[in-house]
Structures are given as C-alpha cells and as structure tokens.
Amino acid sequence: MKRLFLAVTVVALAVTAVFALWITPPRADQGFDAVRLLYLHAPTAWIAYLAFGVTALASLLWLLPRTRGTTWDLLAGASAEVGVVFTGLTLVLGSLWGRPTWGTWWEWDARLTTTAILFFLYLGYLALRRTGTTADERGKRSAIAALIAFADVPVSYLSVTWWQTLHQQGTVFNERLSVKIDGSMAFTLVAAVVSFTLLYGYLVLERFELAQLEEGREARELERAIADRVQAEHVEVAPV
Amino acid sequence: MSHNWGFVAAGYSITTAALVGYFGWVRLRTRHLRRTLRDENRD
Amino acid sequence: MSFLRDALLVAGKDLRIERRSRVALQQIVPFGGVVVLLFAFALDSDRTLLHQAAPGLFWAAVLLAVVLAVGRSFAIEEANRARDGLRLSGLDGGSIFLGKAAAVAVELFLLEVIVGAAVVVLYDVSVRGVVVLLCAAVAATVGLAATGTVYGVLAGGLRARETLVPLLVLPAVTPVMLGATRSFQAALDGVPGDAWPWVQLLAAFAVLAVAAGTVAFGPLLEEA
C-alpha cells in the first residue's frame, strides 16, 4: 500500500517535471525560462501553508480533552517538520526566480517577508519539541505554541502589507500576481500542486511512523529504567 | 539573450537534493530504529 | 475583582524582587544602553543615518531587552523551585499571567524611558508628537510583555530555556517591531495621522496576546 503511494507520487512528480521543463513555453515577461521555477515555487508555498494548517488542526485536536492522544501530537510535529523543509525551499526558489525577473535576490514584499517569519516561527516550534520532557508535557507545550504561531501569521501578514504599501507603492513585485497563464501552464500548475500534495502526504506518513518508533523506544527505555530500579530495590530490601 | 537556464537548473536541483535528502534521512533513521528495536527484542 | 487583586499581588511580588535585587536596573537597562552605542558604531556615527533610523534602532534595543526581562522573570521562579509555590498558591493561572506580564511591562517601560533619552541625545532626535509616542509605546510594551511572558512559561523548566526563548519570542513579535517603529517614525516626522493605524495594530496585538496568555498560562504552569 505504501509502496503504491510512493510509486504514484514519483510518477506524478516525473510527469510534472516533464511538463514544467519541456512542454510549457518560456515567458519573455517572467524571466524567460526562469518562469519554470513557478511550477516549483507555487506548490512548495502551498504545501508550506497546508503543512502548518495541519499542525494547527492536530494541535487543536490534542488540546480538546475528547480527542486527546499522542497520535495528534506526533502528527503535528511530523507535519511541521515537513512544512519547514518546504518553507525553506519556497524561500530559496522565490529568491532564484526573483533574481532574473526583478533583478534582486530578495524583495521585501508581504508574502516573501511573512514566509520568512513563518520559517523562523516553526523552527522555534521544532526546537521546542526537541527539548526532551514527558510526552504529555511536550504535547501541551507544543500544541499551544503551534496555535500561537498560527494565529501570529495573519497579523504578521497584515503588518508587512501595510509597511510595504506605505513605503514602495506599485513596485515590480506586483508583477508576480499578474502572471498570465495559458493552457499548458495551467495544467502544469495543477499537476504540480497535486503531485506535491501527494509527496507531502507521503513524507508526513514516513515522518509520523518514525516519530512513533522514537516514541516507542523512549517509552521502552523508561520502562526498563523503572524495572531496573525496582529490581535494585528488591535486592536491597531482601537481606533485611 | 539569456534564457536563465542556470537559475532553473539551480532551483530544480536544490529542490531535488533537499527533498531526496530529507526523505533519505527519515528512511535511514527509521531503518536504524527498527533494527535496534529488533535486536533489543532478541535479547 | 479578586482576579485583578491576585494579579496585582503577583506583579507586586516580582517588582519587589527586582527592586531589591536590582538586576533589571543594573543589568538589563545598561544592556539596552550598550546596544544603543553599538548601533552608532555599526552605522559609523553618521548623524543623518542614525537620525533616520533612530525609531527602528530604539525598538530593536527594546526587543533584545525583552528577551532578558522575560528570562529574568522566569529565572526568579526557577530558583528554590518557586514555580511550585506559585502553582500551589491557589491563585488562578490567568491572574498569575497578568501579574507577571504587568511586572515585565513596568520594567520595560522604565527601560524605554532611559534608553529613549539616550537615543534622543546620542542620535540627535527632536521629540515630536508625544501623545502618539506614548500611546504607541504603551500598546507595544503590553504586547511585548504579554507575548514574552507566554513564551517564558512555555519554555520554563526545559533545558536550553535561555536560548529557546529568543528564538520563540523574536519572530512572534515582528508585528510589534514594525508597528512601533512605523508609528514612532510618523510621529517624529510630524505626521501623527499616519501613526494611528499602526497604534491600532499594536493595540489589537496587545489585546490578542493578553487574551491568549490569560487562557493558556494556567494549563502551562501545571505539570502534566
């Protein structure tokens, strides 16, 4: 079943790559062939937001007493980690696309800047998860941190948007919003989004299973330590 | 006239490297943990 | 009513500790001053540049001090396991949060006055639009103190707490950094009208942060 999932994902990605690199046309107004980065940049950005949405949802489910369970905590962590990978890629790809189209590696536009803030917010979240404490304590702290981070995103976006409209009205970066999309481009974009969503699902599944293994091992080590301790105390008590 | 293929190549290879690298790391770690758990069970 | 009284009690406790230990006054405020000096070195004591960047540099210095103030606020709870005492005190989690955040806010405000004076003198700033400056500073300070306090308890008792808090707090308060800097800029440029949307943003952020902290603090203080 998992094998099949992986095979479908790889095929979908391969088809997307063929369309993105050979079949779609270059664009004179979007940095010629650099426009091909769009088919990576747009889906990675979408996956980043999807991943953090899943983290927020799973965290909420952990916090609700009726649905509380380690599963949600581990899912939140797995999704956030995959999300950070995709957020990093989004930033790098945006930069690589921006250089030939806008002439700069970085533009302080609202989406770019908010994405950078997002990247650091969730790096902090992942660091918080790794501080090693009991599963319940970690679940509680990271669930609350995930919800705060998620709520912070719209405020950041709003503040950066205002900042930009005050400072540089109608500069180049609006161009990106007006990419005109023809038939093969639209199809490629949809294919890219679908195949990256599949990839996201597969990666989260793998990461989730790894998290379960790690969790199981920690529990076993704790059990073993307790068993050793009990044994030791018996030995001490017995001769008396 | 530059067609910026360099940027495209960089973008696609960085993406591939990052995703394959991450996937590989998860796979290796999973396999390693499975093996140690199996060894521990055998004891 | 007892909710607010409890909050005042906690705030009073924290401020009394600070008055006696003088850590805030003798370490955190001077730290803010050093940062102000460092910025001048970084910008090569270029008067016009320093003058233009003054609001941003001022708030960057405050943000760095927030990290220290929050660390200090929770360091006093770690010592002698005072955290347990707080938890077992029977006080409501929300009121403990309000108290601790209020104490941090008071310390920050003091720091802002002193560091602000240093900025005015060293960066050659002429003060204008005092009402706007005050409103923006109060709203920003409340937002910073509340956010900092939430993350302080979130990382409390964990290993690597000292390095975790800055990583968590600083990205989360970027809206405050932007809002406070822009409203100060507008006020000092003599166009206070441009500042009000920013002050509203700061106020909204402060309200959200205080509400989130009041709800989340109790469960975070308890041990799972």
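What value does chain A have for Rg/Rh, both radii from Cα atoms and Rh as Kirkwood defines it?
Looking at chain A, the ratio lands at 1.12.
Shielding by partners for A:113-124, please: the mean number of other protein chain Cβ atoms within 10 Å of each residue's Cβ.
On the way: counts 2, 1, 0, 2, 5, 1, 1, 6, 6, 1, 3, 11.
Counting Cβ atoms of other protein chains within 10 Å of each residue's Cβ and averaging gives 3.
Taking 8 Å as the Cα distance limit and 6 or more residues as the minimum spacing, I'd like the relative contact order of region A:38-141 as a percentage.
Taking the mean separation of contacting Cα pairs over the length of region A:38-141, I get 29 percent.
Counting partner chain Cβ atoms within 10 Å of every residue's Cβ in C:212-220, what's the average?
The per-residue average across the peptide is 3.
In terms of solvent-accessible area of protein heavy atoms at a 1.4 angstrom probe, what is the ranking of A:Y157, A:Y122, highest value first?
If we order A:Y157, A:Y122 from most to least accessible, we get A:Y157, A:Y122.
Indicate the gyration tensor shape class of region C:163-223 (rounded, prolate or oblate), computed on the Cα atoms with a ≥ b ≥ c the square roots of the eigenvalues: a/c under 1.5 is rounded; otherwise a/b larger than b/c is prolate and the rest oblate.
oblate
Mind jotting down the distance between the C-alpha centroids of region C:196-224 and region A:52-69, whole Å?
Cα centroid to Cα centroid, the span is 20 Å.
Give me the percent relative contact order of region C:5-160, please, defined on Cα pairs under 8 angstrom at least 6 residues apart. Working shown, then result.
Working: 127 pairs, mean separation 59.0, N = 156.
Reported as a whole number, the value is 38 percent.
What percent does the relative contact order of chain A come to when contacts are Cα pairs within less than 8 Å and at least six residues apart?
That works out to 29 percent.
Binning every alpha carbon pair distance of the protein assembly as shown at 10 Å from zero, what are the percents per bin?
Distribution as computed: 4, 16, 23, 23, 19, 10, 3, 1, 0, 0 percent.
Sort all Cα-Cα distances of region A:1-57 into consecutive 5 angstrom bins from zero, then give the percent of pairs in each bin up to the one containing the longest distance.
4, 16, 16, 19, 19, 14, 8, 4, 1
What is the P(r) of chain C, as percent of Cα-Cα pairs per 5 Å bin from 0?
1, 7, 15, 19, 19, 15, 11, 7, 4, 2, 0, 0
Order A:T115, A:T197, C:T163 by their accessible area, 1.4 angstrom probe, all chains in place, largest first.
Highest to lowest solvent-accessible surface, that is C:T163, A:T197, A:T115.
Which percent of the accessible area of region C:2-221 is formed by carbon and sulfur heavy atoms (probe 1.4 angstrom)? Show your work: numbers first, answer last.
On the way: 6390 of 9380 Å².
Using a 1.4 Å probe with all protein chains present, region C:2-221 comes out at 68 percent carbon and sulfur.
Rounded to the nearest 100 Å², what is the buried accessible area between B and A, both sides summed, probe 1.4 Å?
That pair hides around 2900 Å² of surface in total.
Peptide A:214-220: average number of partner chain Cβ atoms within 10 Å per residue?
Average per residue, whole number: 2.
State which helices in chain C qualify, where a helix is a whole DSSP H run, it must extend 24 Å or more along its own axis by its Cα atoms, and its mean Kyte-Doolittle hydropathy must be at least 0.5.
On the way: long enough: C:2-21 (28 Å, -0.21); C:47-78 (45 Å, 1.09); C:93-122 (42 Å, 2.02); C:130-154 (35 Å, 2.13); C:196-221 (36 Å, 1.69).
Helix filter hits for chain C: C:47-78, C:93-122, C:130-154, C:196-221.
Considering the convex hull of the alpha carbon atoms of chain B, report its projected area averaged over all viewing directions, in nm², one decimal.
Values: hull surface 9.7 nm².
Mean projected area of the Cα convex hull: 2.4 nm².
Given the options C:A42, C:A155, C:A117, state which has the largest fluctuation in a GNM of chain C using a 10 Å cut-off (strictly under) for Cα springs.
Maximum among the listed residues: C:A42.
Write down the accessible area per residue of region C:2-221 in Å², having rolled a 1.4 Å probe over the full set of protein chains.
Per-residue value: 43 Å².
The values are calculated or read from the model by the stated rules, or taken from the named source; none is laboratory data. The structure displayed is predicted, hence computed values, not measured ones. Don't worry about glycine lacking a Cβ; one is built from the backbone with ideal geometry, like all the others, and counts go over all protein chains shown. When the accessible area is computed, the model is the full protein with side chains, heavy atoms only, and any ligands, DNA or RNA have been set aside. Shrake-Rupley method; radii C 1.70, N 1.55, O 1.52, S 1.80 Å.
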